[in-house]
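S.K.: Sharing a structure with you now.
The values are calculated or read from the model by the stated rules, or taken from the named source; none is laboratory data. These numbers come from a predicted model, not from an experiment. Cβ atoms come from the backbone with ideal geometry, glycine included; neighbour counts cover every protein chain shown.
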């Protein structure tokens, strides 16, 4: 009788209780891991989207700065939808006006993938506005709007490498840039 009561009074966990506790702990850890992984994925997506937006805004701001002193704008050669020509006052006292051409080349095969500003008279590249090496322009249009006093810009851009699901984001800039003519 003594031996049986002694076995019943021993403190400890049975194998069934240990396995149940391990199963519950495993479920909690797997749910926590899934939530952490999802939170990291959302965080990375927000970072990518923020960087894309800031790159696009920087290029758009540079375009506005370039066009702010223009006094006249027209469609590029042969009515191209990806280039415009504009006239600005010259900084050189010997020349009164200068003509420039702004071109967007969304052709990734060409390798340029930038917005280029060329001085028409000399043919020199004045400035190149680029989204950076991680992004590329997929589709773009430049057009004269209004009475030759504004430029309509449409630009669709995204990551160069679209192999990862989170990098398949695209941004669109669809805006009108008014010319601030100062006579």
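S.K.: Would you be able to say whether some residue in segment 119-126 is surrounded by 14 or more Cβ atoms within 10 Å (Cβ to Cβ), within 25 Å of the chain's Cα centre (by Cα), under 22 Å from residue 71 (Cβ atoms) and at pLDDT 80 or above?
M.R.: Within segment 119-126, one or more residues are surrounded by 14 or more Cβ atoms within 10 Å (Cβ to Cβ), within 25 Å of the chain's Cα centre (by Cα), under 22 Å from residue 71 (Cβ atoms) and at pLDDT 80 or above.
S.K.: On to the next question. Can you go through 100, 72 and tell me which one is surrounded by 12 or more Cβ atoms within 10 Å (Cβ to Cβ), at pLDDT 90 or above, over 20 Å from the mean Cα position of the chain (by Cα) and within 29 Å of residue 147 (Cβ to Cβ)?
M.R.: Details: 72 fails: at pLDDT 90 or above.
Going through 100, 72 in turn, the sole match is 100.
S.K.: Restricting to segment 127-147, give me the number of residues that are crowded, with 18+ Cβ neighbours inside 10 Å and farther than 24 Å from residue 50 by Cα.
M.R.: Residues flagged as crowded, with 18+ Cβ neighbours inside 10 Å and farther than 24 Å from residue 50 by Cα within segment 127-147 amount to 3.
S.K.: May I pose another question? Being under 29 Å from the mean Cα position of the chain (by Cα), in a loop (DSSP other than H, G, I, E, B) and at pLDDT below 80 is the filter; apply it to segment 75-96 and report the residue that is surrounded by the most Cβ atoms within 10 Å (Cβ to Cβ).
M.R.: Top of the filtered list is 76.
S.K.: Just for segment 59-69: of the residues that are under 26 Å from the mean Cα position of the chain (by Cα) and surrounded by 14 or more Cβ atoms within 10 Å (Cβ to Cβ), which one is modelled with the lowest pLDDT? Walk me through how you get there before you give the answer.
M.R.: Here is the first cut: in segment 59-69, the residues under 26 Å from the mean Cα position of the chain (by Cα) are 59-68.
Still in the list and also surrounded by 14 or more Cβ atoms within 10 Å (Cβ to Cβ): 59-60, 62-64, 66-68.
Numbers: 59: 90, 60: 91, 62: 91, 63: 91, 64: 90, 66: 89, 67: 89, 68: 85.
The extreme case among them is 68.
S.K.: Of the residues that sit in segment 162-183 and are in a loop (DSSP other than H, G, I, E, B) and within 23 Å of residue 60 (Cβ to Cβ), which one is modelled with the lowest pLDDT? Break it down stepwise before answering.
M.R.: We begin by selecting, within segment 162-183, every residue in a loop (DSSP other than H, G, I, E, B); these are 162-164, 168-169, 179-183.
Filter again for within 23 Å of residue 60 (Cβ to Cβ), leaving 162, 168-169, 179-182.
Working: 162: 59, 168: 72, 169: 82, 179: 85, 180: 76, 181: 63, 182: 55.
Checking each candidate, the answer is 182.
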